[in-house]
Amino acid sequence: MSGLDVLAPEHRRLFIGGQWTDAEDGGTFDVLDPADGSVLTPVADGTVADGTRALEAAVAAQHDWARTPARDRGEILRRAFELVASRSDDFAGLMSLEMGKTLKEAAGEVTYGNEFLRWYSEEAVRIHGRWMNAPAGGPRLLTIKKPVGPCLFVTPWNFPLAMGTRKIGPAIAAGCTMVVKPAQQTPLTMLALAATFAEAGLPDGVLNVVPTTSAKEVSAVIMADARLRKVSFTGSTGIGKTLVKQAADQLQRVSMELGGNAPFLVFDDADIAKAVDGAMIAKMRNMGEACTAANRFLVHTSVADEFAKSLADRMGALSLGRGQDDGTDVGPLIDEKAVESVTKLVDSAVEAGASVVVGGTAHGGPGFFYPPTVLVDVPHDAEINREEIFGPVAPITTFETEDEAVRMANDTEYGLSSYVFTRDFSRTIRLAEALEFGMVGVNTGLVSNPAAPFGGVKASGFGREGGFEGIEEYLDTTYVALTVD
Ligand code: NAP
């Protein structure tokens, strides 16, 4: 019905200049099913030469694309939005297969990710500069907004669609062309999106997709080329730092959506039932494999027992399984390494004095499963409170005063999202001002919204995706001084 065969052999190849092609050396790599580790399908493994070809295609398309009327760019985005919406089940099924998330979660991501196409289809026609008189009189000051030019997008595996559309939507609206390098665990969703954009009428070369196992080499050669003008990366802080250094050589503009270590603060005046509802979303969305995931639960001592018990009851009742199966609440983690890393953090928290209320031991396979876990009495300085867990584990640490809570919350190199549960209005304002994070969720476990500026500070990076701010990442300003006789 949808007209898109998401696993068609065609969509397991590179998409360059509007053509589906094999890798230059014919190489492929396997995409695995994280629910059992089996091979889902081979996919073309882009080489450095393929990366160069993709950049050439983006560069060749840039001139005409920048001059395509904004309304036309917006209409293509809108058509792509309609197409993705009409094949929402296909996209959700594909994402669930390659990433492991449940079909329900995947459908939620399709809705969320697709909204960036709709939002920026509307924003394309609202790009404008300004006109003003010089304060001292004389010249008129005019500004013009122009697309930055060809972009490189490197995306992670945890939200295979949305982490792409958050960049692709505004870039297309702004008139930029692009090369997308999806994560090697989850290239299929991005390839299906490329097929959908082609169907929506996107001109050849505007969007190129190069799956590869040579991310470092392919990105390096593309970024060494002065014609590339922008790099937008979503992924770990370590790789983000490498790319920022790499971008320095050609002084490319850079947006970095990096790791997080979100504090989830529950005050003694909070509605505890609502705080637990929020915690279930902030912790369990995407099996905890989200940069926005609540990483540290900081709970006032007077409500800590009630909160921990209620959260453990809810988390303990979730069932693990294959994302596509009915009744599955929690899918597998992405790979064996992820299970090992979560296991290590939980074990070290227990060694540091924490107690396990529920979960706490890996499933043992097949598949890369880790059970929902609640830990109490976690020392503030435990490793699990410093590292990004990226799994379904909720460590609870207590505090006595608001000052202590803020100090603990800010005691991290990261600054992406944070969550606050309180019914005190003044406290809400104080915390929104005091928390050193790009996003603060108040009495909610979900901050992501396509109409809002998503992004972090400190080691969580810089730049914003979504909202009015998101398109600015893809626009340069030319200032024109007009002398009037
Ligand atoms: P990652 O290891 O940094 O990988 C992200 C992407 O970078 C992948 O496509 C990867 O390719 C590529 N890559 C790896 N090394 C590279 C290099 N030297 N040069 C160029 N590209 C390179 O991160 P991940 O484990 O996939 O994702 C999890 C991280 O992403 C977490 O830290 C999470 O917090 C963060 N994240 C942040 C946001 C946000 O908006 N702030 C959103 C989602 C996730 P391969 O697949 O081939 O390794």
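The values are calculated or read from the model by the stated rules, or taken from the named source; none is laboratory data. None of the values given here were measured: they were computed from a predicted structure. Note that each Cβ is placed from the backbone with ideal geometry, even for glycine, and that neighbours are counted across all protein chains shown.
In segment 149-166, the residue that is surrounded by the most Cβ atoms within 10 Å (Cβ to Cβ) out of those that are touching an Asp or Glu at 6+ places or on another chain (Cβ under 7 Å) and assigned to a helix (DSSP H, G or I) is Arg166. Cβ-Cβ distances below 7 Å connect the following pairs, each with a first residue in segment 205-225 that is among the polar types (S, T, N, Q), a second residue that is assigned to a loop (DSSP other than H, G, I, E, B) and more than 11 Å from the ligand (Cβ to nearest atom), and a separation of six or more residues or different chains: Asn208/Gly17; Ser214/Thr47. Against the definition (among the β-branched types (Val, Ile, Thr), touching a Phe, Trp or Tyr at 6+ places or on another chain (Cβ under 7 Å) and in contact (Cβ under 8 Å) with a residue 12 or more places away in the chain), how does Thr186 come out, yes or no? Yes: the conditions hold for Thr186. Quick one: which residue in Phe368, Phe390 is in a loop (DSSP other than H, G, I, E, B), at pLDDT below 95, surrounded by 15 or more Cβ atoms within 10 Å (Cβ to Cβ) and touching a Leu at 6+ places or on another chain (Cβ under 9 Å)? Unique residue meeting the criteria: Phe368. Among residues of segment 385-413 that are more than 11 Å from Asn261 (Cβ to Cβ), those with a Cβ under 8 angstrom from a residue that is within 14 Å of the ligand (Cβ to nearest atom) and of a type in the set (Gly, Ala, Ser), sequence gap 6+ or separate chain, pair up as Gly391/Gly288; Gly391/Ala338; Gly391/Ser341; Pro392/Gly288; Val393/Gly288; Ala394/Ala294. Annotation note: of Leu14, Leu117, the sole residue that is touching a Phe, Trp or Tyr at 6+ places or on another chain (Cβ under 6 Å) and either within 23 Å of Gly205 (Cβ to Cβ) or free of Cβ contacts under 8 Å to residues at least 24 places away in the same chain (or both) is Leu117. Remark: Glu472 matches the filter, which requires a residue to be under 28 Å from Lys145 (Cα atoms), without any contact (Cβ under 8 Å) to a residue 60 or more places away in the chain and out of contact with any Asp or Glu (no Cβ under 9 Å at 6 or more places or on another chain). Residues of segment 250-300 that are among the polar types (S, T, N, Q) and either under 30 Å from Val148 (Cβ atoms) or outside any helix (DSSP H, G or I) (or both): Gln250, Gln252, Ser255, Asn261, Thr292, Asn295. Scanning segment 227-248 for residues being more than 7 Å from the ligand (Cβ to nearest atom) and part of a strand (DSSP E or B) gives a total of 3. One residue alone among Gly415, Gly455, Gly445 is under 21 Å from the mean Cα position of the chain (by Cα), modelled with pLDDT of 95 or more, under 25 Å from Pro147 (Cα atoms) and not charged (D, E, K, R), and that residue is Gly455. Does Thr234 count as surrounded by fewer than 24 Cβ atoms within 10 Å (Cβ to Cβ) and either modelled with pLDDT under 95 or under 24 Å from the mean Cα position of the chain (by Cα) (or both)? No; evaluated as a whole, the condition is false for this residue. A residue that is of a type in the set (Asp, Glu) and within 14 Å of the chain's Cα centre (by Cα) can be found somewhere in segment 96-114. For segment 441-465: of the residues being in a strand (DSSP E or B) and under 24 Å from Thr242 (Cβ atoms), which is farthest from the ligand (Cβ to nearest atom)? Filtering segment 441-465 for residues that are in a strand (DSSP E or B) and under 24 Å from Thr242 (Cβ atoms), the one farthest from the ligand (Cβ to nearest atom) comes out as Phe462. Considering only residues of segment 186-221 that are part of a helix (DSSP H, G or I) and of a type in the set (Ser, Thr, Tyr), which is farthest from the ligand (Cβ to nearest atom)? So, considering only residues that are part of a helix (DSSP H, G or I) and of a type in the set (Ser, Thr, Tyr), the one farthest from the ligand (Cβ to nearest atom) is Thr196.
Scanning segment 414-440 for residues that are part of a loop (DSSP other than H, G, I, E, B) and either closer than 18 Å to Phe462 by Cβ or free of Cβ contacts under 8 Å to residues at least 12 places away in the same chain (or both) yields a count of 7. Remark: pairs (first residue in segment 156-174, away from the ligand (no atom under 11 Å from the Cβ); second residue among the acidic types (Asp, Glu) and modelled with pLDDT of 95 or more; Cβ separation under 7 Å; 6+ apart in sequence or on different chains) = Leu161/Glu109; Pro170/Glu473; Ala173/Glu123.
Beta carbons closer than 7 Å, at least 6 apart along the sequence or on distinct chains, pair a first residue in segment 95-114 that is at negative phi and touching a residue at least 40 places away in the same chain (Cβ under 8 Å) with a second that is of a type in the set (Phe, Trp, Tyr) and surrounded by fewer than 24 Cβ atoms within 10 Å (Cβ to Cβ) for Met99/Trp157; Asn114/Phe81. Against the conditions (1) farther than 19 Å from Leu298 by Cβ; (2) away from the ligand (no atom under 16 Å from the Cβ), Thr428 satisfies every one except (1). Only a single criterion out of (1) over 29 Å from Gly100 (Cα atoms); (2) among the β-branched types (Val, Ile, Thr); (3) in contact with a Phe, Trp or Tyr (Cβ under 6 Å, 6 or more places away or on another chain) is not satisfied by Thr477, namely (3). In the set (1) touching a strand residue (DSSP E or B) at 6+ places or on another chain (Cβ under 9 Å); (2) closer than 19 Å to Ala66 by Cβ; (3) surrounded by fewer than 17 Cβ atoms within 10 Å (Cβ to Cβ), Val206 fails one condition alone, (3).
As a summary of the residue check, Ala224 satisfies the conditions (1) farther than 22 Å from Ala174 by Cβ; (2) more than 9 Å from the ligand (Cβ to nearest atom); (3) touching a Gly at 6+ places or on another chain (Cβ under 7 Å); (4) not basic (Lys, Arg) except for the one numbered (3). A single member of Val84, Val43 is surrounded by 24 or more Cβ atoms within 10 Å (Cβ to Cβ), at pLDDT 95 or above and not in a helix (DSSP H, G or I), and it is Val43.
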